[in-house]
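The values are calculated or read from the model by the stated rules, or taken from the named source; none is laboratory data. Here the structure is a predicted model, which means the values were calculated and not measured. Every residue, glycine as well, gets a Cβ built from its backbone with ideal geometry; the counts of neighbours run over all protein chains shown. Heads up: the accessible areas ignore ligands, DNA and RNA and are worked out on the full protein's heavy atoms, side chains in. Shrake-Rupley method; radii C 1.70, N 1.55, O 1.52, S 1.80 Å.
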Amino acid sequence: MTFTRRTLLGAAATGVAGLPSPFAMAQQERVLRYGISMADIPQTTGQPDRGAGAYQFTGHTLYDPLVAWEMDVGDRPGKLMPGLATSWEADPSDRRKWVFRLRQGVKFHDGSDFDADAVIWNFEKVLNNQAPHFDQRQAAQVRPRLPSVASYRKIDAVTVEVTTRAVDSFFPYQMLWFLISSPAQYERLGRSWDRFAQEPSGTGPFRLARLVPRERAELVRNTAYWDPRRMPKVDRVVLVVAPETTTRSNALISGQVDIIESPAPDLLPRLRQGGARIVENVTPHVWNYHLSLLEGSPWRDVRLRRAANLAINRDEVVALLNGLGKPAVGVVDPSSPWFGRPEFQVRTDIDAARRLVQDAGFSRQNPLRTRFIVPTGGSGQMLSMPMNEYIQSAWREVGIAVEFQVVELEVLYTAWRQGAAGDISRAGNITANNVAYLTSDPLYAFIRFFHSNQIAPVGVNYGHYRDAEMDGMLDAAMASFDTAEQDAIMRRVHEKVVNEALWVFVVHDTNPKALGRNVRGYVPAQHWFQDLTTLS
């Protein structure tokens with residue numbers, strides 16, 4: 001869906017049918033209209049779809065995790081902090097057992113109590129296929145994000161124990177993605193997740209007032225929210241579906257929305273002339289191609305993998321983005337404590353790329369022909385098609401002819417979770433996907449992609465990479481509770497990933513937003529998680 005006239009009119013009227021005019025409403029409540037880059041409102045039932053970027057919209061607004069991320073700082077990376085759990089620790093006698101002590105006195109939006117029973121119920125809804133309230137739609141989103149969970153049990157009303165499959169010192173990072181919805185509301189609505197989507201109940205700082213699929217969602221302040229530090233500064237946020245970059249940017253210029261994500265690079269001058277502020281920040285994120293290493297894939301040849309990296313002029317890609325990006329020379333930025341000193345230098349070297357392609361038996365006259373699956377756009381995917389088409393042209397110059405299968409973002413995520421051997425990739429003869437990745441911690445930057453026990457569809461090792469040395473390093477890092485030792489291992493892991501050119505590394509996002517004159521207070525966190533409660 002594009003940003004339609006109906007959507008614009010709804011946004012211009014704050015998206016609330018039957019309410020007074022915008023002028024009258026301004027006397028009553030503070031409303032902000034947010035143009036989001038997705039083709040639909042993410043799932044509202046407790047586990048958002050449409051990727052990590054969706055958590056800022058229907059995740060951390062309506063719901064809370066047990067373990068939270070510090071989102072109200074922009075001058076440094078955030079850190080883990082208490083959420084619905086006030087503390088957590090691995091049992092010294094068995095490091096596989098994690099004990100979470102729960103916050104008391106918290107209410108769901110429907111007035112029911114948050115407690116250990118609610119936590120177990122939520123684990124069951126996404127991890128136990130036999131549970132009567134199991135929801136495949138939510139499970140599809142969060143199961144890959146909880147690869148270590150083996151079992152869970154209630155100790156008492158305010159304590160839960162989770163046992164991991166193996167010792168995993170990074171396990172608390174997985175819990176950032178596990179959001180808690182209300183069992184009582186599910187029962188009240190006739191045990192229907194479809195009805196729950198329209199009337200969700202979490203413990204978060206906003207409540208859902210109205211949902212119009214593929215058009216808009218209206219979030220209102222939860223005046224009974226348990227955490228005064230995250231009490232929303234505005235009364236209402238209207239999320240407006242606006243997937244097309246130029247249309248979304250023009251909507252801000254014309255005053256039909258107040259804030260947008262991923263503004264059109266070529267409209268930045270007009271946006272600034274109109275008084276908009278462009279806000280961006282360091283973001284642990286990489287826009288890449290994740291290559292298949294299955295038997296028969298051309299990317300099993302390291303020469304071709306390196307050639308694909310060397311053929312790209314990343315400065316020109318950043319110029320295409322009008323500066324809203326940074327060249328990527330690995331999974332993480334060189335400033336990361338995990339970057340290390342790779343021997344293979346990701347750079348632009350067209351001649352070297354041609355030689356490697358020729359050594360592998362191809363040329364411009366006899367190119368390697370293959371297909372990638374790429375998205376039309378979406379949060380985190382930056383300027384998807386212009387970037388893909390630019391790189392496609394660059395590869396053609398060195399003898400790599402890539403055809404794109406272009407799909408909506410959620411279809412791409414499905415193909416990604418299925419892996420290179422999944423139905424979608426096999427049916428399309430696909431040898432790489434173009435999901436842009438969050439790389440905020442060792443689990444999200446390395447473990448989920450490069451450990452053999454994460455090969456899709458169990459995890460998101462899309463390419464079916466299997467290497468005993470890599471497994472050994474990752475196992476050692478997960479077994480260690482010493483940060484310095486973890487970092488040292490991750491440096492070796494990253495060196496191996498870059499030296500073997502396991503991905504095609506393109507750019508790091510800066511997660512840009514364009515804010516209208518009336519928007520104040522927004523804090524851009526150094527994460528794909530963002531806190532809409534800071535908007536004022």
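Data overview
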quantity	calculated
Subset of the stretch 340-370 [part of a loop (DSSP other than H, G, I, E, B), open to solvent by 30 Å² or more (accessible area, probe 1.4 Å) and under 22 Å from VAL498 (Cβ atoms)]	ARG341, GLU343, GLN345, ARG347, THR348, ASP349
Some residue of the stretch 465-486 being within 30 Å of THR376 (Cβ to Cβ) and in a loop (DSSP other than H, G, I, E, B)	yes
Residue, surrounded by the most Cβ atoms within 10 Å (Cβ to Cβ), within the stretch 192-202, restricted to residues that are part of a helix (DSSP H, G or I) and in contact (Cβ under 8 Å) with a residue 12 or more places away in the chain	PHE196
The stretch 251-273, subset touching a Lys or Arg at 6+ places or on another chain (Cβ under 6 Å) and part of a loop (DSSP other than H, G, I, E, B), residue surrounded by the most Cβ atoms within 10 Å (Cβ to Cβ)	VAL257
The one condition in (1) under 15 Å from VAL506 (Cβ atoms); (2) touching a residue at least 60 places away in the same chain (Cβ under 8 Å); (3) basic (Lys, Arg) that ARG347 fails to fulfil	(2)
Residue within the stretch 505-519 that is in contact (Cβ under 8 Å) with a residue 24 or more places away in the chain, more than 30 Å from PRO298 (Cβ to Cβ) and open to solvent by 30 Å² or more (accessible area, probe 1.4 Å) present	yes
Residues of the stretch 169-191 classified as assigned to a loop (DSSP other than H, G, I, E, B) and open to solvent by less than 30 Å² (accessible area, probe 1.4 Å), total	7
Close pairs (7 angstrom Cβ cut-off, 6 or more residues apart or separate chains): within 13 Å of ARG143 (Cβ to Cβ) and among the β-branched types (Val, Ile, Thr) in the stretch 118-132, open to solvent by 10 Å² or more (accessible area, probe 1.4 Å) and assigned to a helix (DSSP H, G or I) anywhere	VAL126/ARG143
Filter result (assigned to a loop (DSSP other than H, G, I, E, B) and either among the charged types (D, E, K, R) or open to solvent by 70 Å² or more (accessible area, probe 1.4 Å) (or both)) within the stretch 325-336	ASP333, PRO334, SER335
Tally of residues being assigned to a helix (DSSP H, G or I) and without any contact (Cβ under 8 Å) to a residue 60 or more places away in the chain across the stretch 140-168	2
Residues (crowded, with 19+ Cβ neighbours inside 10 Å and either under 27 Å from TYR413 (Cα atoms) or among the acidic types (Asp, Glu) (or both)) located in the stretch 147-168	PRO147, SER148, VAL149, THR164, ASP168
Residues that are more than 16 Å from GLY330 (Cα to Cα) and among the aromatic types (Phe, Trp, Tyr), drawn from the stretch 271-302	TRP299
Filter pass, ASN322 being in contact (Cβ under 8 Å) with a residue 24 or more places away in the chain, under 15 Å from ASN388 (Cα atoms) and outside any helix (DSSP H, G or I)	no
Considering residues of the stretch 409-448 that are among the β-branched types (Val, Ile, Thr) and not in a helix (DSSP H, G or I) only, the residue nearest to LEU293 (Cα to Cα)	THR431
Lone qualifier among ARG248, ARG207 - being assigned to a strand (DSSP E or B) and either within 23 Å of SER379 (Cβ to Cβ) or open to solvent by 10 Å² or more (accessible area, probe 1.4 Å) (or both)	ARG207
Residues of the stretch 127-169 that turn out to be closer than 21 Å to LEU80 by Cβ and either of a type in the set (Val, Ile, Thr) or touching a Pro at 6+ places or on another chain (Cβ under 6 Å) (or both), as a count	9
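Rundown of residues vs (1) under 20 Å from the mean Cα position of the chain (by Cα); (2) closer than 22 Å to PHE529 by Cα, yes/no style:
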position	(1), (2)
SER182	no, no
ASP194	no, no
GLY204	yes, yes
LEU239	yes, yes
ASN250	no, no
ARG270	no, no
ASN288	yes, yes
LEU291	yes, no
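For every residue, the table says whether it meets (1) surrounded by 22 or more Cβ atoms within 10 Å (Cβ to Cβ); (2) farther than 23 Å from ASP349 by Cα; (3) at pLDDT 95 or above.
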position: GLN381; (1), (2), (3): yes, yes, no
position: GLU389; (1), (2), (3): no, no, yes
position: VAL406; (1), (2), (3): no, yes, yes
position: ALA421; (1), (2), (3): no, yes, yes
position: ALA432; (1), (2), (3): yes, no, yes
